[in-house]
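Below is one structure, written out as structure tokens, with a few remarks after it.
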Amino acid sequence: MLAKEIPVNTPQRKLWHIVIVLAVCTVVAVPSGADDAASGIVDSQTFLRRNLTPAGPPAGASAAAVEKLLAQMTLKEKIGQMTQLEIGMVTDGMDQSIRINSEKLHKAVVEYGVGSILNVHDEALSEERWHEIIRAIQAEAKIPVLYGIDTIHGPNYVMGGTLFPQPLTMAATWNPELMLRGSQIAAAETRKAGIPWVFSPVLDAGRQPLWPRLWETFGEDTYLATVMGVATVRGYEGSDLSSPTNVSASLKHYVGYSYPTNGGDRSPALIPENTLREYFLPTFAAALKAGAHTVMVNSSEVNGIPGHANGYLLKDVLRGELGLQGFVVSDWGDIKKLVSEHHVAANEKEATRIAVLAGIDMSMVPSDYSFSNLLLELVQEGKVPASRIDEAVRRILTVKYQLGLFDDPLRGIDSKTVIGSPESRQASLEAARESITLLKNDNHALPLAKTAHVLVAGPNADSLLPLNNGWSYTWQGDRASAYPKDHATILKAIQEKIGAANVIYVPGTTYNKEIDIAKAAEAASNADAVVLCLGEWANAETPGNVADLTLPDAQLFLAMKIMETKKPVVIVLTEGRPRLISRIADPAKAIVMAYNPSNEGGQAIADVLFGDVNPSGKLPITYPRSANRLFTYDHKVFEGQDHGEGKMLATPQFEFGSGLSYTTFSYSDLRIAPATASGSQTVRVDVTVKNSGDRAGKEVVQVYLNERYASVTPPLKRLKRFAKVLLQPGESRQVSFDLTSDDLSFIGADNKRVVEPGIFDMKIGGLQQTFELK
């Protein structure tokens, strides 16, 4: 799949072996052709071309220093570098009372030479407390310790840090420039705390809506996730990894973790290799091309092989094909789980041997010294070669040199970065505003008048928890006391917008229990409109597992009782995955998908509801209608989908890529040239988009392609390009795209990328044109 070869022409097809589904084409916006906020257009492919450049310094720059240090290290010290422990192994206490224990610290970083420490216990720490801890660790260590943290949507473990919308929410902006800026701020604020390594981005394909970590992904589409993933890596790592405002990214969870057959976290997946290569590997490949330095492994298994034991995926594919130069880290306790969960090893010693030989360079142990002790025995017994240890440690030391830790292990602490600055909060607010997706707006129910008398109801109306979700100050994000007091909930933002006297608040339910539904219905009868805030509560990983995507009965019952009053109901959904609302979607006058827009989300939602912001978000997922019909937009054809009950079952509640505006857009003049292409000839696509409404707005121009016939059954359509365009009322713009043979390719039955001659349909904004590839 890696090396691009000379095409082999046959009457049936042309074969290419290529790395990733990234076309080398250009996208040109007319009239200016610029790709930045000032030009009013952000297009995906120009963004990729500009950002697929690794950060310096190159690994070779420190090669001599690494080899010199490696030669001086004992075997135990080398294995120590491969060991990662959680913060409790060097501290006492928890939350804000946590303190370094000097004896524990000495044992970890001196006696064992531990190379990395991670995490909090259990709550986010202040900048000052982080400095205290990091200074103590680095002062004791012979070799700089690489501290790692889950920076998922901003520096979520740094008190006062700027939290951004969660990744799925950022994907709804369809604006990689916002993702880039948010990641730059997250990197700078994380490094300011003294932490140079983040376990992010999540590049798992979000194609299983039951999966509780869907909100950590960039959605179901490979291309959209690729663009946003590259933006994240470039934002984190910048042009110089050693900069005091940059951090090393860790791509996770390689690979297939997000597609469990039963929908549960850390559950087995069955993914044919051609599907794995088509939908799951490209995001990692692009991020590695953009320079990502580390990769974290899938905690579960694919096709019966645990991720931490899969030498084919970790060595042949990840290094041999995708080109990882840095190191691979396990996830939490996952080498031990080769025994306890996967049963591929009889004991931890055998599990350690299997994992290290499969390609694990660093073990997130994390709460004992078993890995170090057992690996030392394995090398001494000749069961793991010393050369494999040197290989892993060389990779780890190289990343530490690239981060500048040998020059200054505290780099970043003295930077000029201001954690949680007003400018950073404004950037988060802009991202939240641009993510909000208007899914339904019957008879222009929105925007609401600021003179309206409004009932605000629902369990998510007056809490920051569902606005943020997991990885927010704590792992689960469910500790209200940890949240800042100076950010508005949806309720408070509406009160600030239209005046508290015009707002009635009756929650009606908790997440899953009735409280005062009758009171809420009575209040609705006396209101002009109802803003009903429904969705999920904060959760992360396995605690977020659900057996049914349907919204809890209490919330549905609240909605139905309020709708009986015949007052216009606006449903606002704050949730990390699409909870089914088919029983209440039709009676609702408007539906707003807000996802998890974070601390600035309350204001952003109010801005959209009352018309101060024109919504421009688009769904990065398919919103299902039925619990037993979960499919992605790019599914294959299935029998009966074009007629009768089958047609309804094949129609989701809301389509991938959908999202309304307070203005209207029209498309015209779709042209493709040439109409018949051959070989590597570029196909030019032009389309004109016009703001045909009466207020300024942003439209996402989405380019979809499908081949009518292919040797592997083709999907109905695949996203190939997108561009977000700002248009004034009456303004028109021609947007142009160039597609090459890479865009027409797919993974064949032999697991290699192939381009086959045939008829292709191009679809943009309701228009369709056809061209042929000879």
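Here are the numbers:
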{"quantity": "Members of region 175-208 that are in a loop (DSSP other than H, G, I, E, B) and more than 25 Å from Arg721 (Cβ to Cβ)", "calculated": "Ala193, Gly194, Ile195, Pro196, Phe199, Ser200, Gln208"}
{"quantity": "Residue match in region 612-632 (condition: open to solvent by 20 Å² or more (accessible area, probe 1.4 Å), of a type in the set (D, E, K, R) and farther than 21 Å from Ala431 by Cα)", "calculated": "yes"}
{"quantity": "Residue satisfying all of: in region 550-596; in contact with a Leu (Cβ under 7 Å, 6 or more places away or on another chain) and hydroxyl-bearing (Ser, Thr, Tyr); most open to solvent (accessible area, probe 1.4 Å) among these", "calculated": "Thr550"}
{"quantity": "Residue count for region 223-235, restricted to those that are open to solvent by 10 Å² or more (accessible area, probe 1.4 Å) and over 12 Å from Trp174 (Cβ atoms)", "calculated": "1"}
{"quantity": "Condition broken by Asp486, with the remaining ones in (1) among the acidic types (Asp, Glu); (2) in contact with a helix residue (DSSP H, G or I) (Cβ under 6 Å, 6 or more places away or on another chain); (3) under 25 Å from Leu429 (Cα atoms) satisfied", "calculated": "(2)"}
{"quantity": "Residue check for Phe284: at pLDDT 95 or above, crowded, with 24+ Cβ neighbours inside 10 Å and farther than 27 Å from Ala538 by Cα", "calculated": "yes"}
{"quantity": "Enumerated helices (runs of 4 or more DSSP H) restricted to region 438-535, each holding at least 3 residues that are more than 29 Å from Ser658 (Cβ to Cβ) and of a type outside the set (Lys, Arg)", "calculated": "517-525"}
{"quantity": "Members of region 115-142 that are over 26 Å from the mean Cα position of the chain (by Cα), assigned to a loop (DSSP other than H, G, I, E, B) and either surrounded by fewer than 18 Cβ atoms within 10 Å (Cβ to Cβ) or free of Cβ contacts under 8 Å to residues at least 40 places away in the same chain (or both)", "calculated": "Lys142"}
{"quantity": "Residue tally, condition open to solvent by less than 60 Å² (accessible area, probe 1.4 Å) and within 30 Å of Leu378 (Cβ to Cβ), over region 43-76", "calculated": "9"}
{"quantity": "Output for region 69-96, where each listed residue is in contact (Cβ under 8 Å) with a residue 12 or more places away in the chain, assigned to a helix (DSSP H, G or I) and not small (Gly, Ala, Ser)", "calculated": "Leu69, Leu70, Leu75, Lys76, Glu77, Lys78, Ile79, Gln81, Ile87, Met89, Asp95, Gln96"}
{"quantity": "Count of region 491-516 residues which are among the polar types (S, T, N, Q) and open to solvent by 70 Å² or more (accessible area, probe 1.4 Å)", "calculated": "1"}
{"quantity": "Of all residues making up region 143-174, the number that are aromatic (Phe, Trp, Tyr) and not in a loop (DSSP other than H, G, I, E, B)", "calculated": "1"}
{"quantity": "Candidates Ile152, Ile98 - the one that is of a type in the set (A, V, I, L, M, F, W, C) and farther than 30 Å from Val725 by Cα", "calculated": "Ile98"}
{"quantity": "Residue selected from region 62-79 under the condition of a type in the set (A, V, I, L, M, F, W, C) and out of contact with any helix residue (DSSP H, G or I) (no Cβ under 8 Å at 6 or more places or on another chain), by the criterion nearest to Leu324 (Cα to Cα)", "calculated": "Ala64"}
{"quantity": "Which listed residue, of Ala559, Ala529, Ala538, is touching a residue at least 24 places away in the same chain (Cβ under 8 Å) and under 15 Å from Ala452 (Cβ atoms)", "calculated": "Ala529"}
{"quantity": "Test for Tyr667: is it of a type in the set (Ser, Thr, Tyr), in a loop (DSSP other than H, G, I, E, B), modelled with pLDDT of 95 or more and open to solvent by 20 Å² or more (accessible area, probe 1.4 Å)", "calculated": "no"}
{"quantity": "Residues located in region 423-471, provided they are touching a strand residue (DSSP E or B) at 6+ places or on another chain (Cβ under 6 Å) and open to solvent by 10 Å² or more (accessible area, probe 1.4 Å)", "calculated": "Leu439, Lys440, Asn441, Ala445, Leu448, Ala452, Pro459"}
{"quantity": "Within region 670-774, strands (runs of 3 or more DSSP E) holding 2 or more residues that are touching a Leu at 6+ places or on another chain (Cβ under 8 Å) and within 30 Å of Val613 (Cβ to Cβ)", "calculated": "683-691, 697-707, 718-727, 758-764"}
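Listed here are the residues, each with its yes/no results for (1) out of contact with any Cys (no Cβ under 7 Å at 6 or more places or on another chain); (2) assigned to a helix (DSSP H, G or I); (3) of a type in the set (Phe, Trp, Tyr); (4) open to solvent by 50 Å² or more (accessible area, probe 1.4 Å).
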| residue | (1), (2), (3), (4) |
| --- | --- |
| Val356 | yes, yes, no, no |
| Phe371 | yes, yes, yes, no |
| Leu374 | yes, yes, no, no |
| Val379 | yes, yes, no, no |
| Val384 | yes, no, no, no |
| Ser387 | yes, yes, no, yes |
| Tyr401 | yes, yes, yes, yes |
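Yes/no matrix, rows are residues, columns are (1) in a helix (DSSP H, G or I); (2) closer than 18 Å to Phe327 by Cα; (3) touching a residue at least 12 places away in the same chain (Cβ under 8 Å):
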| site | (1), (2), (3) |
| --- | --- |
| Pro282 | yes, no, yes |
| Ala286 | yes, yes, yes |
| Gly291 | no, yes, yes |
| Met296 | no, yes, yes |
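The values are calculated or read from the model by the stated rules, or taken from the named source; none is laboratory data. Since the model is a prediction, treat every value here as computed from it, not as a measurement. No Cβ is skipped: glycine too gets one built from the backbone with ideal geometry, and neighbour counts run over all protein chains shown. Accessible surface is based on the protein model in full, side chains and every heavy atom, while ligands, DNA and RNA are left aside. Shrake-Rupley method; radii C 1.70, N 1.55, O 1.52, S 1.80 Å.
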